[in-house]
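Peer 1: The structure that follows is given in the form of structure tokens.
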2 protein chains.
Amino acid sequence: MTSARPPRADAVRNRAKIMGAAHEQITAHGPGVSMEQIAAAAGVAVGTLYKHFLTKTELVAAVVAASITAVADDAEAARRRAANGSRALEEITGFLTRLVDTAAHDHAVKAAARTLNAADPATREDEARATRALGELIHAAQTAGDLRADFTVDDLYLLFSTAPTDQPSAVRARWLTLLLTGLAAR
Amino acid sequence: MTSARPPRADAVRNRAKIMGAAHEQITAHGPGVSMEQIAAAAGVAVGTLYKHFLTKTELVAAVVAASITAVADDAEAARRRAANGSRALEEITGFLTRLVDTAAHDHAVKAAARTLNAADPATREDEARATRALGELIHAAQTAGDLRADFTVDDLYLLFSTAPTDQPSAVRARWLTLLLTGLAAR
DNA sequence: ATATATGGTGAAGCACCATTCACTTTATTA
DNA sequence: TAATAAAGTGAATGGTGCTTCACCATATAT
């Protein structure tokens, strides 16, 4: 039926260059960068961006989606380590720390946090992968008696979305400490 | 020396109208609202805004400063109640809850959180008032044995700046619970 | 080698916004 | 009441940024 001719070689090359430049620019300057700037970084004309992505929104979404894939991969790696015997709570805090540290100098990941539950099928699948892996980690930590029993994956997403990504590393560490041990006196 | 003639009556009236409209518009639509829109809401021409405030930045700063005054007043009221016998920790969580609830539908307060340590003398004084009152509250709660001993006013500001103000009330409540009791199993 | 559709180009259109300024209106003062 | 300086006006300016399109270049298929 839809026997679309395969894309031209230069089109494939340019698409990759555009995605790379967009990721780089959004990471550095936030989703506010102009299309002109992304085009310049990719070494193509603005018009070319529009041959590949109908709107700027679509381009940003593609970059964000790639970031989510990376996050899902990290979550699965953490679960695997926990299955091999490392402590699940440590894997959870490690995952969260890495995520927050990344977000601190990567606007793309930060944007991803706000995008939860609003994307294309492939991204939905990545979200599901992350949710599955994190859910298992949480369950393991609870079984080990290290994590409060009512903690959920949504809680974890909530905490990430509120992380102080614009603060220096020491402040981020303090934030995690307060979170882990709570405000109340022991 | 500087015997500047007192401002005209209509100028005073318009300044008030502008501040009111600006606060209202920023609360509703964020600091991104156009000067046109603020002028329309105030019932004056754009040019008039510029007779009172040299730039948009200055106008926004004035609105934010007013919000900070209100916050400082609230902090002092909470301290007063604690001095009269109510529990200090409850006053702290009450203060934080009110602040977050307000920020949830008031972009001006949210902007104020980002403005800490960067303003005119009067605002500095308001910040100092808030910090003094909250510091005393924290000390009282620690003396009562309700609050972790290493908690500081900066911690409180950190937590507020990371509050999920864009989430529904139930989520905000959950956030506060996690914060108070911590993630670790009891 | 030629044909042709796919991809690339970037100037121009369009919309939005902050800011300015020459001019008009009006509160105040004498 | 007349003079005058303060305040108000809003069209115009200039800048930025997304998006479009008529045209050019070239990779691929025959």
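The values are calculated or read from the model by the stated rules, or taken from the named source; none is laboratory data. Keep in mind that this is a model prediction, so the values were computed, not measured. Here the Cβ is made from the backbone with ideal geometry for all residues, glycine too, and neighbour counts use every protein chain on show. In case anyone asks, the SASA skips ligands and DNA or RNA and just uses the protein heavy atoms, side chains included. Shrake-Rupley method; radii C 1.70, N 1.55, O 1.52, S 1.80 Å.
Peer 1: Build a GNM of chain A with springs between Cα atoms under 10 Å: which of A:27, A:131, A:57 gets the top mean-square fluctuation?
Peer 2: A:57
Peer 1: When the Kirkwood hydrodynamic radius is evaluated over all pairs of different C-alpha atoms of segment B:8-53, what value in angstrom, to one decimal, is obtained? Intermediate values should be presented prior to the final figure.
Peer 2: Numbers: mean 1/r = 0.0965 Å⁻¹.
Hydrodynamic radius (Kirkwood, Cα pairs) of segment B:8-53 is 10.4 Å.
Peer 1: Residue B:98 accessible area, nearest 10 Å², 1.4 Å probe?
Peer 2: Number for this one is 90 Å².
Peer 1: I've got another one for you. Let me know the charge dipole size of the protein assembly as shown about its Cα centre in debye, to the nearest 20, where only the beta-carbon of Lys, Arg (+1) and Asp, Glu (-1) is charged.
Peer 2: Numbers: 42 positive and 42 negative charges, 106 e Å.
Around 500 debye, computed over the protein assembly as shown.
Peer 1: First compute the accessible area of segment B:57-181 with a 1.4 Å probe, then give the percent of it belonging to carbon and sulfur atoms.
Peer 2: Looking at segment B:57-181 in its full context, I get 56 percent from C and S.
Peer 1: Continuing with this model, one more query. What is the distance, in nm, between label points placed 7 Å from the Cα along the Cα-to-Cβ direction at residue A:139 and at residue A:70?
Peer 2: 3.0 nm
Peer 1: A further question on this structure: Quote the convex hull volume per residue of the protein assembly as shown, based on C-alpha atoms, as a whole number of Å³.
Peer 2: 210 Å³
Peer 1: Set the Förster radius R0 to 25 Å, insert the Cβ-Cβ distance between residue B:80 and residue B:101 as r into 1/(1 + (r/R0)^6), and round the FRET efficiency to 0.05.
Peer 2: Numbers: r = 21 Å, r/R0 = 0.82.
Rounded to the nearest 0.05, the efficiency is 0.75.
Peer 1: Going from most exposed to least, what order do B:24, A:76 have by accessible area with a 1.4 Å probe? Don't skip to the end; give the middle numbers.
Peer 2: Numbers: B:24 110, A:76 35 Å².
If we order B:24, A:76 from most to least accessible, we get B:24, A:76.
Peer 1: Which of the residue pairs B:51/B:110; A:17/B:56; A:51/B:110; A:51/B:56 have a Cα-Cα distance greater than 29 Å in the structure shown?
Peer 2: A:17/B:56; A:51/B:110; A:51/B:56, as the Cα separations exceed 29 Å there.
Peer 1: Okay, moving on. Of B:121, A:177, A:134, which is farthest towards the positive pole of the protein assembly as shown's charge dipole, taken about the Cα centre with +1 and -1 on the beta-carbons of Lys, Arg and Asp, Glu respectively?
Peer 2: Result: B:121.
Peer 1: Separate question: Which residue fluctuates most in the GNM of chain B (Cα springs below 10 Å): B:107, B:23, B:139?
Peer 2: Maximum fluctuation in the GNM of chain B, among the listed residues, is at B:139.
Peer 1: Between B and A, buried accessible area summed over both sides at probe 1.4 Å, in Å² to the nearest 100?
Peer 2: Numbers: alone 10870 and 10890 Å², together 19340 Å².
Interface area, both chains combined: 2400 Å², rounded to the nearest 100.
Peer 1: Here's a follow-up. Please give the peptides B:6-13, A:67-74, B:141-148 ranked by average Cβ packing (other Cβ atoms within 10 Å per residue), highest first, as a rough proxy for protection.
Peer 2: Details: B:6-13: 9.5, A:67-74: 19.4, B:141-148: 16.1.
Descending mean neighbour count gives A:67-74, B:141-148, B:6-13.
Peer 1: Can you list which of the DSSP-assigned H helices in chain B have a Cα extent of 20 Å or more along the long axis and an average Kyte-Doolittle score of at least 0.5? Please report the intermediate quantities before stating the final value.
Peer 2: Working: long enough: B:9-29 (30 Å, -0.40); B:56-83 (41 Å, 0.40); B:88-104 (24 Å, 0.64); B:121-143 (33 Å, -0.67).
Counting only whole DSSP H runs, the qualifying helices are B:88-104.
Peer 1: Write down the accessible area per residue of the protein assembly as shown in Å², having rolled a 1.4 Å probe over the full set of protein chains.
Peer 2: Numbers: 19340 Å² over 372 residues.
Result: 52 Å² per residue.
Peer 1: Here is a follow-up. Calculate, for residue B:87 and residue A:52, the FRET efficiency according to 1/(1 + (r/R0)^6) with r their C-beta to C-beta distance and R0 56 Å; round to the nearest 0.05. Please list the in-between numbers first.
Peer 2: Details: r = 60 Å, r/R0 = 1.08.
FRET efficiency, residue B:87 to residue A:52: 0.40.
Peer 1: For segment A:156-186 and segment A:1-41, write down the distance between their C-alpha centroids in whole Å.
Peer 2: Rounded to whole Å, the Cα centres lie 35 Å apart.
Peer 1: Just to confirm the numbers: residue A:180, label point 7 angstrom along the Cα-Cβ line, distances to the other copies in nm, shortest first?
Peer 2: 2.3
Peer 1: While we're looking at this one, here's another question. Based on the Cα atoms of segment A:49-122, what semi-axes does the equivalent ellipsoid have, where each is the square root of 5 times one gyration tensor eigenvalue, given in whole Å with the largest first? List each step's numbers first, then the result.
Peer 2: Details: eigenvalues 174, 33, 15 Å².
Each semi-axis is the square root of five times an eigenvalue, giving 29, 13, 9 Å.
Peer 1: From the Cα trace of segment A:82-158, what convex hull volume per residue do you get, rounded to a whole Å³?
Peer 2: Values: hull volume 7.5 nm³, N = 77.
Here the figure is 97 Å³ per residue.
Peer 1: A further question follows. Counting only other chains, and only Cβ atoms inside 10 Å, what mean value do you get across the residues of B:158-168? Can you show the working numbers first?
Peer 2: Numbers: counts 7, 6, 0, 6, 10, 1, 4, 1, 3, 3, 0.
Across the residues of B:158-168, the mean count of other-chain Cβ atoms within 10 Å is 4.
Peer 1: How many percent of Cα pairs in chain B exceed 26 Å?
Peer 2: Within chain B, distances greater than 26 Å cover 41 percent of Cα pairs.
Peer 1: For chain B, what does the relative contact order come out to in percent, with C-alpha contacts under 8 Å and a separation of six or more?
Peer 2: Numbers: 156 pairs, mean separation 39.8, N = 186.
Reported as a whole number, the value is 21 percent.
Peer 1: A further question on this structure: In terms of modelled amide H atoms, which long-range or inter-chain residues lie less than 5 Å from the amide H of residue B:147?
Peer 2: The list, which skips near neighbours in sequence, is A:185, B:142.
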